[in-house]
Every structure is written in C-alpha cells, then in structure tokens.
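Okay, structure first, notes after.
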Amino acid sequence: MRKIFAFVLMLSAAIASAKTYDLASPDGKVKVCIEAGAELAYTVSFDGEQILAPSRIALDFKGKELAPSVRKVTRRSIDQLHHAVVPVKAREVRENCNELRLDFRGGWAVVFRAYDDGVAYRFETSFKDAEVYVADETADYVFAEDNDVYWANEKSPEFITHCEAFFKEMKLSEIVKDQYAYLPVSMKTPKGTRLVITEADMFDYPNMFLFGGQGQTLVSEYPQVILDYDMRTDRDVTVTEKADYIAKTKGTRTYPWRIMTLGDDRSLLENNLSWLLSSKEYSDDIEWLKPGKISWEWWAMLNVYGVDFKAGVNTDTYKYYVDFAADYGLEYILMDEGWSASTLNVVEPNPELDLAEIIRYADSKGVGVVLWTLWTPMMKDMENILDTYRDWGVKGIKIDFMQMNDQNMVNFYEDVARECFERHLLVDYHGAFKPAGLQRKYPNAMTYEGVYGMEHDKCSYDISPEHDLVLPFTRMVAGPMDYTPGATINGTQADFRERWEHPMSQGTRAHQAAIFITFESPLMMMCDSPSNYYRNPEYARFLASIPTVWDETVAIEAKAGDYLLMARRNGDTWYVAGLNDWTGRELQVTLDFLGEGEYEAEIFSDGVNANRWAEDYRLEKTKVHKGDVLPVKMANGGGWAAVIRPVET
C-alpha cells in the first residue's frame, strides 16, 4: 500500500503542472478531468462522489514514441436518436453526451465522452504508416475507495477462457494478483454507486482483462497475438508461440471504447452504452433477420418419451422437436453437437439421420434449423462450410469452444459474423467472450454465451437464484446473453440435485418464467425436452408468448445479488417480471408505464406451496389500468411474470 500511495503521489505531482481539460455530462453529475502532461491521466466523479483518482492511459507502439503534446482541442455536444435493428433493450435509443477530443502532435488523439450514465474514452491514430504494431495499452483504474467488486478469478496465463465465471464478491483490496477478470467488471462504492467497466467497438484488437493485487487499483493487460498453437483435442489448444505485440493493425483507425457505466443497480438495467458506442450496421440488408426462440436438445440429452420411436440422434427425434416448435410458435430448433459426421467434418451429416428431410420438414412447418459447429473446421474452411449450410437451407449456426481472446480470435469472430451475414445466417457464439460491438455492426450475431449458464445445472450447484441475480449487473451489461432457461423440473434449495440426463433448475417455476423477460437474448433457448413441455402446456404456452426483442425497457427496482423488478414493451404489450434470490420478499409494481384504456394482465406467480415444491405456480388473469398497483410476492428462489395486453374494444 505504501508503494501504491507513493505512486499516486508521484503521478499527482507529475500532473500538477499539466494542462487540464474538464468535461461534464449533460445533467452535470458526471465530471471528468483529463490531464495532459508528461503522462495522460484522468479522474472521474459522479454526483459529487470521487470515483477515480488520477488514472493513466496510454498506447505504446513498437518503434514509435507518442508524446502527449496537445495541438488541438475540440468540443461538441451530441443529442441524436439511433434505431436498433435487433433491439435488445429499446428500439429507439437516445445518445446524449458531451465530447472532448484532444489531438496530439504525431498523429494521434484521445476522445472522451461524458454521458448522464457513464464515461467513455478511446484512442484514434492517423499515422502515415500503413501498418503499425501495438506493443501494449495502459488503462489504469485507481479507485478512490475500496469498492465491493464482482470478480471472475481467471487464472490462465495465456488468457484461454470460456468466460464462464462464478463471480465472487470481494473488496478491491482482497483481489489476488494472479487471478484476473475478464470484462465486464462490476462494482459498488461505499456510497452505493454502481459502476461497470466494459468495452465496445472492439475490432481487430484483443480483449481487455483487468488485474488487481494493488490495493484499490486495477490495471489492464491484453493477450499477445498467438502465432502458433498445438491442438490437444478437437477443440482445445496449447499455445506454443506468441508475438511481442498485442495487435498488428492499420496506422489510421479508431480503437475500442473504454466504458465505465455510472448509476445505481436499478438504472444499470436500462444502460445501453455498450450498444451506443459500437459501430453502426454493416449493411441495410436486414429484412431477413428473424429473432426468436429456439428449442434446444442438448440440455435434456434428446430425452423424449411417450412416443413410438427410439429417442436419439435420428430423424424421428428431430422431427418431434420440429413439431413442438411448430405447435408453440417457436422460430427455430437447434441441432447441437452430434448431428454431423464428426466434430471436424461438419459438411456431412451423421448417417443415423436424414438431415435434408429434417430441414425440408421443418421448412414445411415454418421452423428454421440452426446447426452447431466447432470453431476449428470453420477456421480452416469457412466459406465452403457456410456455402454448404446456406444451400442446405439452414438458418444459422451455433459456433463453439473458441476460448482464445487475442486479436486473431477477435478477427475470426468478425469473419464469422460477416460471412454469415452475406449468406443470411444467424450466429450464436458459444465458448465465447462477451459481446463488444459485433452484435450491432452485424445484427445477425444474435447472442453470445460467455456466461456461467444453465447448462451447468447438470453438473454444479452454482447456478442458483443468487447467481441469476448477479448476471444482470455483470455479464449482461455487455450485451445479449445465451443463458438457456426454461426448465420444467425445478428444485428448492433443499431438494436440488445435479442430474446429467434429467436435469433440473434451482428456484421456482415462476423464477424460470421471469428469466425470459429479465434476461436479454434475441435468440432465446427453451432448454427442456418437448415431452416435458407437452406435459406442462400452460407453462410452455406462457414462455412461448414472450418475445425476445424489446421496444422499451423500464427498470423499476433492483439490488444486485438479491432481486430485481422491471418492465419491457414489445408493440403495445407490456411484459413485467420480478426475480428473487433465496430470500422470499414482497414488492409491488405501479403500472404508470401503461397507456390509457383497459388492459388484461396474465400473471404467472409462485404458488402458495412454492417454498416446499418449487414447481408450484399460479396463473391468473385480471383487468388493470394505468396507475394500478399489483403486488409482487415471490417465494424463496422465486419469480413473478406478467403479460399485460390492451383489451380490444
């Protein structure tokens, strides 16, 4: 701590004679002070609370010195409306901020923006060099207080990770140096300000990771470019050679936005900075894009019953999934690992099934087929594989197990999105890092895993209601999150068990229903067996009625790790949901967001015995009007969901 304190004093002394530039948000609550002297640093305050002490930022290039000698200062205010092609939070998104641009001698600049709900900055270069090598980037975060932080505790020295952390809450000062975190990193100050560090518009550049072990300071590190690796399995690598730089890139370009959201737990659920600060759409050829729900067979291990055929990887089983999707209006089925001749041969189907017949049958029922693929064959033969899928009539891919986070892998993600877009294919990234701009530029990139999701209910006790109440304030801040909910077998804290073949979820049936409203994914999985849904038609119909894209989001009440209550609108229908940890509680929702006239609320809530039998629920309908108050009573591990439709007159 003495060394850190001494460093802060030295940095403060160094910038005492530096030129300072102040920037404030439109409402004046977010204030940034940029200091350009021997080093470039900035401070941040929010609503009178100091968030960041002087924190260094820098770009280091091989063979090129950048001196922070300001030659031009430009300020502007931005107030404009953006239209989301695939609206995850809102269809019309207002961008309102003040911007400060510092151009430096030598052909580089830094741009800061202050929004009412956060701060962002990015570097830009306009070098004469056609190509440059980025040796490193400095992004220090010297926090004013010892904040509580959700930390991922990653350990791989090569930054090989699926980004599926069970977030541990701790003090900044408790972070161990050799356990780092991927973004987003979420924390709360002693005064209650919730802030999240993430990045956007990340193209041709590696992911940023944060390291602690320095008291209240976090520092960035980046994977060096991986030049070579050995395949340990069909999907896992051992890195054998790395470059001495993090990016080989164009001399004239913009770099990723470094974002810090600011607010409280409630307002964070409405924060859209990661989408706003990403590149606009690649193409206006968007009419073919079709978000929706997808029936997934892997979670339930293709276990169907009450049928006259043997369940498994075969034509009859997948036709059964198609029938279920058609019966409940689901847009897609997913054929996960096992459909192809092998994991490395993904252009020939498993001989145990008739893929062409499955696709033909699905098309006749208005259902699309999405195919799983490993990243390794796609890396070697992308265009041929995707041409094949397009010609077969496939509607999208789930690409899996990428694990690496360097510049080359970031570029691979974009190659996949672009080539799929050109062929009108959707993409679901699994075994993946977070969304960081790709989902806006290529709106066919519908969703990402990068989350410790419900697939782990099969083998872990970690996927609890408490875990569910952490994710909206951590991972989901970055963008769409493929969590794969929809379990029909639900357990209390006492009776949950790991079950691989017949998995169950923790928390109540209503908790599962509420996830479909509270968690964001334009391509939303329904994870359980069609046979189980057919035995629970009321529940299946309710889930199927919930859309996956939203015209408007209104956060009502929230406390990270404990509970949340929010409303979303699609068209003229509102969808309201509460999500709860293992402590039962009673909230209420005032329907002041409704329009005029009469509405009918269909309410899916915890049953009177849900604390003992998690599958117990109640479904009721009632007439409501603008301004009415509805009670939201949630059991231990519970939930509450309502679909509120206008009554036709």
So which residues in segment 203-218 are open to solvent by 10 Å² or more (accessible area, probe 1.4 Å) and under 29 Å from residue 413 (Cβ atoms), if there are any at all? 203, 204, 211
From 12, 77, 69, residue being modelled with pLDDT under 95, loosely packed, with under 13 Cβ neighbours inside 10 Å, of a type in the set (Ser, Thr, Tyr) and over 18 Å from residue 254 (Cα atoms): 69
Mind checking whether some residue in segment 237-258 is in contact with an Asp or Glu (Cβ under 8 Å, 6 or more places away or on another chain), among the hydroxyl-bearing types (Ser, Thr, Tyr) and without any contact (Cβ under 8 Å) to a residue 60 or more places away in the chain? yes
Subset of segment 583-617, residues open to solvent by 30 Å² or more (accessible area, probe 1.4 Å) and either without any contact (Cβ under 8 Å) to a residue 12 or more places away in the chain or closer than 28 Å to residue 535 by Cβ (or both), comes to 584, 600, 608, 609, 611, 612, 613, 615, 616, 617
Name the residue that is farthest from residue 90 (Cα to Cα), counting only residues in segment 495-537 that are of a type in the set (A, V, I, L, M) and touching a Lys or Arg at 6+ places or on another chain (Cβ under 9 Å). 504
Please go through (1) of a type in the set (D, E, K, R); (2) closer than 21 Å to residue 262 by Cβ; (3) open to solvent by 60 Å² or more (accessible area, probe 1.4 Å); (4) not in a loop (DSSP other than H, G, I, E, B) for residue 199 and return the number of the only condition it doesn't satisfy. (3)
Output for segment 246-263, where each listed residue is farther than 23 Å from residue 55 by Cα, among the hydroxyl-bearing types (Ser, Thr, Tyr) and open to solvent by 10 Å² or more (accessible area, probe 1.4 Å): 252
Quick check on my filter: what residues within segment 541-555 are of a type outside the set (Gly, Ala, Ser) and either within 27 Å of residue 443 (Cβ to Cβ) or open to solvent by less than 40 Å² (accessible area, probe 1.4 Å) (or both)? 542, 543, 546, 547, 548, 549, 550, 551, 552, 553, 554
Strands (runs of 3 or more DSSP E) enclosed by segment 99-172 - at least 3 residues per element that are open to solvent by less than 30 Å² (accessible area, probe 1.4 Å), among the hydrophobic types (A, V, I, L, M, F, W, C) and out of contact with any helix residue (DSSP H, G or I) (no Cβ under 9 Å at 6 or more places or on another chain): 108-115, 118-142
Criterion first (at pLDDT 95 or above and assigned to a loop (DSSP other than H, G, I, E, B)) does residue 85 satisfy it? yes
Taking interchain pairs and intrachain pairs at least six residues apart, which have beta carbon atoms under 7 angstrom, with the first residue in segment 311-326 and charged (D, E, K, R) and the second buried (at least 23 other Cβ atoms within 10 Å of the Cβ) and in a helix (DSSP H, G or I)? 319/358
Output the number of the condition that residue 45 fails; it satisfies all remaining conditions of (1) under 30 Å from residue 192 (Cα atoms); (2) in contact with an Asp or Glu (Cβ under 8 Å, 6 or more places away or on another chain); (3) not in a loop (DSSP other than H, G, I, E, B). (2)
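The values are calculated or read from the model by the stated rules, or taken from the named source; none is laboratory data. Just so it is clear, the structure is predicted and the values come from calculations on it, not from any experiment. Neighbour counts are summed over all protein chains in view; Cβ atoms, including those assigned to glycine, are modelled from backbone coordinates with ideal geometry. Remember, those area values only see protein heavy atoms, side chains included, never the ligands or the DNA or RNA. Shrake-Rupley method; radii C 1.70, N 1.55, O 1.52, S 1.80 Å.
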